[in-house]
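Please treat every number below as a calculation from the coordinates, not as lab data. Here the structure is a predicted model, which is why all the values come from computation and not from measurement. Please note: Cβ atoms are built from the backbone with ideal geometry, for glycine as well, and neighbour counts cover all protein chains shown.
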Amino acid sequence: MKKIATVALFIIIIISCFGAVKNNSENIDKFVEHGINYLTHDSFRMELKNKIIYIDPINIPDGAKTADIILISHQHKDHMQIESINKISNSNTIIVAPITVEAELKDKVAGKIKRVLPWEKIVVYGINIETVPAYNLKNEKLKFHPKKEGYLGYIINNNGIRIYFSGDTDVIPEMKKIKCDIALLPVSGVYVMDYKEASEAVKMLKPKVVIPMHYGVFAGKDEDAENFKKIVENKNTKVIIKQRENY
């Protein structure tokens, strides 16, 4: 009887685990479809826990939804626009940014600036956010995003679903430490990793879903995302090419 009970318990555990994995996958797919909006270039809008988060907002139109949180990776003009930030912020908006961005935005925006460094963990409006490094390694790109500047990527935790926004970066060793379910990765080359290099990042990160970014606007072509999908997508990792909104 004990053997039968043990076997039955084992089966129940297996079924429960399978159900949990299935439900998590469904939650991830649902969030990717409905909770992540690709605006342009590296700009995203996410909606979670009744909060609106923008990442690197640029070319924002009048009448866009007001942000509770804005995450800025670095101060380059294709990632940080004061005009766009002011269109979506008010006195309650928290702008999370590295020190280089703080210096550029000080006294120019309505929101409150929270300065962060790589490898910090913060909670903003009940949302857990982690900062990670973003920088270039290749000699020909070192002038664009040097490590010493402290440029950032972000990990956002949505009820256990971890979304990694890499920022402008090459494939860097720190990626081995990053755990994520969804990865937003650049694929254009020139200033960041190209689609082949991004496929190496996927091997390190092991996300369930990847959304390519940083292509077809200021650098790279739309084909970069398609080529990335061809070499990356498999039974363990989906590649979702999100349509850019008309910004």
Handout entry: Calculated diffusion of the range 119-193, Stokes-Einstein form, Kirkwood radius summed over Cα pairs, 10 °C and 1.306 mPa s, µm²/s
Key = 124
Practice task
For the range 96-146, evaluate the Debye formula with one uniform point scatterer on each Cα (no solvent term) and list log10 I(q)/I(0) at q = 0.14 Å⁻¹, rounded to two decimals.
Solution key: -0.49
Practice task
At a temperature of 37 °C and a viscosity of 0.692 mPa s, determine how fast the range 127-247 diffuses translationally according to Stokes-Einstein, using the Kirkwood radius over alpha-carbon pairs as Rh; express D in µm²/s, rounded to the nearest whole number.
Solution key: 228
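When DSSP assigns beta bridges and you keep just the ones with both residues in the chain, what percent turn out antiparallel, to the nearest 5?
Antiparallel bridges: around 55 percent, rounded to the nearest 5.
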Handout entry: For the range 147-189, the spread of Cα positions along each principal axis, largest first, Å
Key = 32, 23, 16
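Between residue 122 and residue 90, what FRET efficiency follows from the Cβ-Cβ distance if R0 is 25 Å, with the result rounded to 0.05?
The calculated FRET efficiency here is 0.80.
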Exercise for the section: Mind jotting down the three principal axis lengths of the chain based on Cα atoms? Whole angstrom, largest first. Expected result: 73, 40, 34
Practice task
Restricting to the range 139-217, compute how many DSSP beta bridges are antiparallel as a %, nearest 5.
Solution key: 45
Handout entry: Reachable aspartates and glutamates, given that their alpha-carbon falls under 18 Å from the alpha-carbon of residue 51 and they are not under 8 places away in the same chain
Key = 33, 68, 130
Practice task
Rounded to the nearest 500, what is the 222 nm mean residue ellipticity of the chain from helices alone, with -39500 (n - 2.57) per DSSP H run of 4+ residues and division by all residues?
Solution key: -9000 deg cm²/dmol
Practice task
Specify whether the C-alpha gyration tensor of the range 54-188 places it in the rounded, prolate or oblate class, a ≥ b ≥ c being the square roots of the eigenvalues: rounded for a/c under 1.5, otherwise prolate if a/b is larger than b/c and oblate if not.
Solution key: oblate
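Could you compute the net charge surrounding residue 218? Neighbours are other residues with a C-beta less than 14 Å from the C-beta of residue 218; K and R count +1, D and E count -1.
-3
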Fill in the blank from the handout: With bins of 5 Å, the percent of all Cα-Cα pairs of the range 203-245 per bin from 0 is 5, 22, 32, 21, 14, 5, 0
Problem - Where labels lie 7 Å past Cα in the beta-carbon direction, separation of residue 241 and residue 159 in nm - result: 3.0
Exercise for the section: Starting from the Cα of residue 222, move 7 Å in the Cα-to-Cβ direction to define the label point; list residues of the range 23-57 whose amide nitrogen is under 18 Å from there. Expected result: 38-43
